[in-house]
Amino acid sequence: MDTAQRIPILMYHRVGEPEHPRDIYCIRPEHFSAQMQALARASWCAVSIEDFDAWRRGEKSLPENSFVLTFDDGFTGVFDFAAPTLKKLEWPATVFLVAGKLGGQSDWEVTTEEPMLPHPLMNAAQLRSLSAQGFSLHSHSLLHHDLTKLETSALEQDLRDSRVLITDICGQAPVYLAYPYGRHNEAVRNAAQRAGFTTAFSVESGFNRPTVSAYQIRRLDVFGTDTPAMLLRKIRLGTNDGSLTHLMRYYLHRILRLN
Ligand SMILES: [Zn+2]
């Protein structure tokens, strides 16, 4: 295995119409499509989360320019808009589902500066269709609570119940967890392991090397306002900052280090 290889994981949320210009966690369908085309033209290729995990454990090699695509929460726009785009490219992706809210609304507390309306979440039929297309369906907890605030027993119950509900729909037990709000601590990481999750995904930015901690996998936040050029800079540099200034600083730093 190439230990110098670094795999970026992209994190999306809603695909659809943003509520307001600062609703950066929603990407318009045409922007999502343009981002995917730009990645494909730049020779990036999506691999499944299972293949990524096998690579992390040293059981599989991945081609150069592999990356992983993830969607948090399970909004219907993934089914309506992202899936057709990904089908054309034959790219796999993962949805982290809020298992207790399937077919319902994202009516959990949001931590953005401005209040956000609830949006519809995919139902069982839509999820089975995605699964048949090659999507991987994993857990984003039962009810989207901040897991660091739950008592141990409630925490374990939440995580276990999320696995049962997703297994009922997909016929396969989810083994990957994305922490709601990206919030985790040692108790949460231990509970995730005890509940049967083998790997868990944070929102800390950066690349993943095989040495990355199994319960603190890094992901890059993609915003609805990211142009294809900004996304290419993010995925190349492993940062949430896709600005040109950041790119110049990155190369300047490398040049200074070499001298
Ligand atoms: Zn979420």
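The values are calculated or read from the model by the stated rules, or taken from the named source; none is laboratory data. Keep in mind that what you see is a predicted model, and the values were worked out from it rather than measured. Cβ placement follows ideal geometry from the backbone for every residue including glycine, while neighbour counts extend to all protein chains displayed.
Hey, does region 240-255 have a residue that's more than 16 Å from the ligand (Cβ to nearest atom), over 28 Å from ILE27 (Cβ atoms) and either of a type in the set (Lys, Arg) or buried (at least 17 other Cβ atoms within 10 Å of the Cβ) (or both)? Yes. Residue count for region 129-166 satisfying the condition of being among the aliphatic types (A, V, I, L, M), under 29 Å from ASP80 (Cβ atoms) and surrounded by fewer than 19 Cβ atoms within 10 Å (Cβ to Cβ): 3. Within region 198-218, the set of residues being surrounded by 16 or more Cβ atoms within 10 Å (Cβ to Cβ) and either part of a helix (DSSP H, G or I) or away from the ligand (no atom under 16 Å from the Cβ) (or both) comprises THR199, SER205, GLY206, PHE207, ASN208, VAL212, TYR215, ARG218. Determine, yes or no, whether PHE52 is modelled with pLDDT of 95 or more, under 16 Å from the mean Cα position of the chain (by Cα) and more than 24 Å from ARG236 (Cβ to Cβ). Here the answer is no, as PHE52 does not meet what is asked. Pairs are defined by a Cβ separation below 8 Å, a sequence spacing of at least 6 or placement on different chains, a first member in region 72-92 that is polar (S, T, N, Q), and a second member that is more than 16 Å from the ligand (Cβ to nearest atom); the pairs so defined are THR76/GLN126; THR85/PRO29; THR85/PHE32; THR85/SER33; THR85/MET36. Taking the criterion of being of a type in the set (Gly, Ala, Ser), assigned to a loop (DSSP other than H, G, I, E, B), away from the ligand (no atom under 14 Å from the Cβ) and at pLDDT 95 or above, the only residue of region 135-186 that qualifies is ALA173. The criterion of being under 28 Å from PRO21 (Cβ atoms), exposed (fewer than 13 other Cβ atoms within 10 Å of the Cβ) and either within 16 Å of the ligand (Cβ to nearest atom) or at pLDDT below 95 (or both) holds for PRO118. Take the residues of region 167-196 that are surrounded by 14 or more Cβ atoms within 10 Å (Cβ to Cβ) and among the polar types (S, T, N, Q): which is nearest to ILE9 (Cα to Cα)? Out of the qualifying residues, it is GLN193.
One line per residue, one yes/no per condition, for (1) of a type outside the set (Lys, Arg); (2) away from the ligand (no atom under 16 Å from the Cβ); (3) at positive phi; (4) surrounded by 13 or more Cβ atoms within 10 Å (Cβ to Cβ):
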residue: ARG14; (1), (2), (3), (4): no, no, no, yes
residue: PRO18; (1), (2), (3), (4): yes, yes, no, yes
residue: PRO21; (1), (2), (3), (4): yes, yes, no, no
residue: ARG28; (1), (2), (3), (4): no, yes, no, yes
residue: SER33; (1), (2), (3), (4): yes, yes, no, yes
residue: ALA38; (1), (2), (3), (4): yes, yes, no, yes
residue: CYS45; (1), (2), (3), (4): yes, yes, no, yes
residue: ASP53; (1), (2), (3), (4): yes, yes, no, yes
residue: LYS60; (1), (2), (3), (4): no, yes, no, yes
